[in-house]
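Just below is one structure, and these are the notes that go with it.
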Amino acid sequence: MTLSDTKTSSDPPQPSSGIDSNLMLQEAETLLEFDRVREMLAREARFYMSREIIREARPARHPEDVTRLQDETAEALALLNTKGDIGLAGMRDPREPLRRAILGGMLNGSELLVLCSIFQSMWVARSTVMMIADEVPLLSDMASQIRDLREVRTSIVEALSDSGDVLDSATPRLGQMRERSRTAYQRAMRIMERLASREDLKPVLQSNVIASRGDRLVLEVKSSHRGFVRGIIHDVSSSGQTAFIEPFTVVDAANEWREAAYEAEKEEERVLRKLSRSIALHGEDAMASLQAAANLDSAVARGRLSLKIGGIRPKTSFDPVSDEPINLVLLEARHPLLGDDAVPITMRLNETRRGLVITGPNTGGKTIALKTLGLMALMHQFGLQIPAREASELPVFEGVYADIGDAQSIDRSVSTFSSHMERVIRILAHASDRSLVLLDELGTGTDPEEGSALARAILDCLVSNGAWTCITTHHRPVSEFAAKHDHLTNASVELDPETMLPNYRLIMGLPGQSYAMQVAQRLGLEQPIVDHAVTMLDPLRSQTESLLKSLQQERDQIGDVQQQAAEDRAEAERMRAEAEAHLQYAENERDKAIEEAREQLKSEAQRVRRQLRRLMREAERDNTWQEARQSAADVARSVNSEAWMATLDSPLSQSEGGAGAQRPRGMPASNPPKFAIGDVVRVESLGLTGEIVELDRDGRAVILSGSMRFQARPHMMTLVKVSRSAPTSDQSSSQQPTPTKMTRVSDAAGDLDVRGSRVHMIESMIPQFIDRAFMQGLTSVRIIHGEGTGALRQAVRDILSRESHVETFQPAPRNAGGNGVTIAMLE
């Protein structure tokens with residue numbers, strides 16, 4: 001079920017009277033101004049065919065169809081909220097050129113571009129919807145019917161320019177033909193320009209302008225001197241003063257130009273016919289896609305309008321096989337055509353009380369309330385959401401019938417009363433328990449007593465047959481009848497008691513006052529006359545008016561209390577939201593401050609790290625370790641950080657990981673291991689392995705790794721190999737250290753072997769290795785990772801790409817390890 005299907009939806013059975021129900025339903029739509037709502041919806045469509053569908057469609061009449069339309073609209077809203085829009089566009093009707101192509105006609109470049117643009121737009125719309133197909137199954141079903149016409153689009157784009165001209169590259173011959181035509185034309189123009197500039201011909205020429213007549217180049221020659229220019233006369237001016245002559249000397253060149261131009265035009269025509277045939281071959285798919293796109297855009301247009309009017313989806317309450325009660329509930333419904341001026345109204349009817357009688361003064365809003373109800377019903381069954389509050393509820397009507405306004409026909413000499421009564425008679429012939437009947441000022445235009453009696457009888461007939469009925473009236477007996485009837489409810493509109501101006505509010509449960517005396521007095525009728533009129537009223541009527549006024553005052557007081565309570569609740573909610581906003585702001589500011597502090601510390605840490613590296617390089621170059629240690633201590637104290645003081649444990653340490661990572665750096669282990677001179681140990685924080693050559697009483701060791709000597713405390717070292725003989729402390733001073741080969745780091749200071757390592761292991765190992773190499777002054781290093789699956793190689797290169805000291809890196813030459821080794825060049 002789509003909106004286009006509602007044009008042919010099945011009609012309810014015709015009554016025996018034979019009156020056309022469709023005509024009556026269309027009359028009701030016009031009286032309720034639903035055509036204006038439909039036009040509002042059409043303007044929300046982006047596709048020509050969508051607007052046509054919307055303007056021709058009718059409200060659905062069956063619950064399952066209404067449910068389907070409302071489901072489509074709900075999905076359209078989800079799509080708009082998720083994707084913004086579907087990108088469908090095309091305000092020109094594409095069907096006429098498409099049909100012409102299918103019938104074998106040739107389309108021009110502009111028509112082909114229009115179709116190409118629409119085909120592209122449809123495919124974009126399809127792709128957009130299919131991105132969230134699971135969330136919008138009905139819309140995705142429509143979108144899936146849009147075919148991929150990419151082959152046609154591509155052929156058009158490759159052959160035509162943006163302005164619709166056939167490109168030189170459209171065929172191999174076309175460019176050559178056009179070049180030949182241009183060359184011949186330029187040659188012919190040069191001949192003509194020479195003739196036009198000849199001194200001996202100037203007296204016989206009207207001007208030196210090169211004109212054209214019928215694709216021939218001509219000179220403007222004075223008719224009196226045409227014998228001076230030998231050639232072909234193609235035309236004469238309307239005054240007879242000028243002859244347009246093609247000189248014989250240019251005929252051959254002009255003929256060559258026209259022949260070449262004709263061949264080029266035939267080639268262009270061949271291209272256009274080929275493109276038109278391509279469209280014809282896909283004509284069936286194109287037509288189906290256009291229809292699917294139009295249905296899709298119609299649904300999205302309903303979503304757009306529903307958003308614009310602040311619509312909600314009412315509960316559909318009309319399933320004859322369900323045990324649920326059938327209700328008609330409109331909560332704060334707003335007339336959709338009045339915009340911001342609309343005053344919300346609330347109506348409540350149910351299975352038991354299906355009739356509503358609205359009374360009150362003229363211009364008080366009775367007819368607006370009637371039309372609002374009718375429009376809500378029609379919009380709901382058209383698939384639109386309605387401008388009302390959540391929890392509103394509407395039945396699905398097989399027909400909405402209305403008699404609103406003055407339908408007097410002067411041509412037919414029919415009175416207002418007769419015209420209204422004819423329409424009411426037709427409505428009575430069609431109304432059923434699946435109908436909504438709206439009658440404005442029932443019983444007017446005739447004797448008040450008789451009109452009131454007719455109104456009561458008609459009203460009783462309608463509600464007795466189960467029709468949902470809403471009428472407006474001035475007749476008090478009708479409202480009194482409604483008050484006593486089991487299937488009717490009263491409602492009223494009122495005037496402001498101080499200004500006597502309408503406020504357009506609808507009050508359920510109370511009949512209205514006419515306010516005739518008050519209005520007359522406000523308009524200037526003398527007070528004695530008004531007082532005399534009051535004395536002429538039935539005393540019982542006066543008592544009734546007084547009672548109604550008292551009830552309305554009490555209702556207003558209750559309303560004021562409720563309004564104050566609502567305002568208090570709103571104020572409490574506002575204060576709660578404001579408090580939450582302040583709390584959120586404070587939390588955001590706190591997080592921002594923490595982040596700024598973190599960035600500042602990070603920046604300071606980087607500065608200190610660079611300074612330490614510089615000091616270590618100078619120390620290694622000048623062999624002044626003690627001075628470097630003192631300078632490093634000064635730098636560390638400058639940032640007042642225990643973490644930086646811990647770097648003194650190893651002048652070359654640049655990592656936060658390593659053996660001490662599980663406790664605060666600088667804190668000794670609870671049970672530090674015992675080491676001896678000659679032991680081979682691993683300092684994880686530096687990624688280095690070497691032999692202990694000196695030990696002090698605190699267990700701090702001097703370690704030799706290759707040509708590098710450095711210090712480390714016990715908690716930083718991991719035992720790799722125990723010394724064969726544990727020398728005494730006094731022997732250690734005279735012992736010559738024996739260099740020990742590093743694990744992972746090869747004998748070459750610029751090599752690092754990570755084969756067999758895990759990726760998470762090398763993430764700290766490689767940066768430390770690069771830092772050490774940089775401080776040693778190396779210009780390049782080699783990292784040996786092996787070929788394997790390539791995962792370790794890729795991880796190595798990812799890490800190198802992030803290192804600031806690495807300028808470039810590349811695989812080693814084939815004879816030096818190839819893809820199993822990466823060489824990094826340092827800055």
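The figures follow:
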{"read-out": "Every residue from the stretch 347-399 that is assigned to a helix (DSSP H, G or I) and under 13 Å from Phe34 (Cβ atoms)", "value": "Lys371, Thr372, Leu373, Gly374, Leu375, Met376, Ala377, Leu378, Met379, His380, Gln381"}
{"read-out": "The listed residue being more than 28 Å from Val396 (Cβ to Cβ), in contact with a helix residue (DSSP H, G or I) (Cβ under 8 Å, 6 or more places away or on another chain), at pLDDT below 90 and of a type in the set (Lys, Arg), out of Arg476, Arg456", "value": "Arg476"}
{"read-out": "The stretch 224-262, residues that are in a helix (DSSP H, G or I), among the acidic types (Asp, Glu) and either crowded, with 16+ Cβ neighbours inside 10 Å or within 60 Å of the chain's Cα centre (by Cα) (or both)", "value": "Glu256, Glu259"}
{"read-out": "Residue match in the stretch 758-765 (condition: in contact with a helix residue (DSSP H, G or I) (Cβ under 7 Å, 6 or more places away or on another chain) and closer than 19 Å to Thr689 by Cα)", "value": "yes"}
{"read-out": "Residue check for Glu72: assigned to a helix (DSSP H, G or I), touching a Gly at 6+ places or on another chain (Cβ under 8 Å) and among the charged types (D, E, K, R)", "value": "yes"}
{"read-out": "Residue check for Val236: of a type in the set (A, V, I, L, M) and modelled with pLDDT under 95", "value": "yes"}
{"read-out": "Any hit, the stretch 216-223, residues being surrounded by 17 or more Cβ atoms within 10 Å (Cβ to Cβ), modelled with pLDDT of 90 or more and within 30 Å of Leu160 (Cα to Cα)", "value": "yes"}
{"read-out": "Boolean, Leu540 is modelled with pLDDT under 75, of a type outside the set (Asp, Glu), exposed (fewer than 10 other Cβ atoms within 10 Å of the Cβ) and assigned to a helix (DSSP H, G or I)", "value": "yes"}
{"read-out": "Residue identified as at pLDDT 95 or above, part of a loop (DSSP other than H, G, I, E, B) and surrounded by 15 or more Cβ atoms within 10 Å (Cβ to Cβ) among Met142, Met106", "value": "Met106"}
{"read-out": "The stretch 304-316: number of residues that are over 23 Å from the mean Cα position of the chain (by Cα) and surrounded by 22 or more Cβ atoms within 10 Å (Cβ to Cβ)", "value": "1"}
{"read-out": "Count - residues of the stretch 281-303 that are of a type outside the set (A, V, I, L, M, F, W, C) and either at pLDDT below 95 or surrounded by fewer than 21 Cβ atoms within 10 Å (Cβ to Cβ) (or both)", "value": "5"}
{"read-out": "Flag if Asp798 is at pLDDT 85 or above, assigned to a helix (DSSP H, G or I), surrounded by fewer than 14 Cβ atoms within 10 Å (Cβ to Cβ) and of a type outside the set (Lys, Arg)", "value": "yes"}
{"read-out": "Close pairs from the stretch 669-694: first assigned to a strand (DSSP E or B), partner at pLDDT 80 or above and among the aromatic types (Phe, Trp, Tyr), Cβ under 6 Å, at least 6 apart", "value": "Ile692/Phe675"}
{"read-out": "Condition broken by Ser276, with the remaining ones in (1) within 13 Å of Arg187 (Cβ to Cβ); (2) surrounded by 14 or more Cβ atoms within 10 Å (Cβ to Cβ) satisfied", "value": "(1)"}
{"read-out": "Selection count where residues are of a type outside the set (Asp, Glu) and out of contact with any Pro (no Cβ under 9 Å at 6 or more places or on another chain), scope the stretch 479-488", "value": "5"}
{"read-out": "Restricting the stretch 169-182 to residues that are touching a helix residue (DSSP H, G or I) at 6+ places or on another chain (Cβ under 8 Å) and closer than 30 Å to Val209 by Cβ, the residue that is surrounded by the fewest Cβ atoms within 10 Å (Cβ to Cβ)", "value": "Arg180"}
{"read-out": "Near pairs, Cβ below 8 angstrom, 6+ apart or cross-chain, from the stretch 136-156 (without any contact (Cβ under 8 Å) to a residue 60 or more places away in the chain) to any residue that is polar (S, T, N, Q) and in a helix (DSSP H, G or I)", "value": "Arg153/Gln120"}
{"read-out": "From Ala431, Ala377, Ala455, Ala467, residue being of a type in the set (A, V, I, L, M), buried (at least 21 other Cβ atoms within 10 Å of the Cβ) and over 47 Å from the mean Cα position of the chain (by Cα)", "value": "Ala455"}
{"read-out": "Contacts under 6 angstrom Cβ, first residue in the stretch 323-348 being basic (Lys, Arg), partner in a loop (DSSP other than H, G, I, E, B), 6 or more apart", "value": "Arg334/Ala342; Arg334/Pro344; Arg334/Pro387"}
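So that you can scan it fast, the table gives a plain yes or no per residue for (1) outside the structural domain of Leu438 (by TED's automatic domain parsing); (2) at pLDDT 95 or above; (3) more than 30 Å from Gly339 (Cβ to Cβ); (4) crowded, with 19+ Cβ neighbours inside 10 Å:
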site	(1), (2), (3), (4)
Thr2	yes, no, no, yes
Ser9	yes, no, yes, no
Asn22	yes, no, yes, no
Arg38	yes, yes, no, yes
Ile54	yes, yes, no, yes
Glu64	yes, no, yes, no
Asn81	yes, no, no, no
Gly84	yes, no, no, no
Pro94	yes, no, yes, yes
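The values are calculated or read from the model by the stated rules, or taken from the named source; none is laboratory data. This structure is a prediction, so every number in the text was calculated from the model and none was measured. Neighbour counts are summed over all protein chains in view; Cβ atoms, including those assigned to glycine, are modelled from backbone coordinates with ideal geometry.
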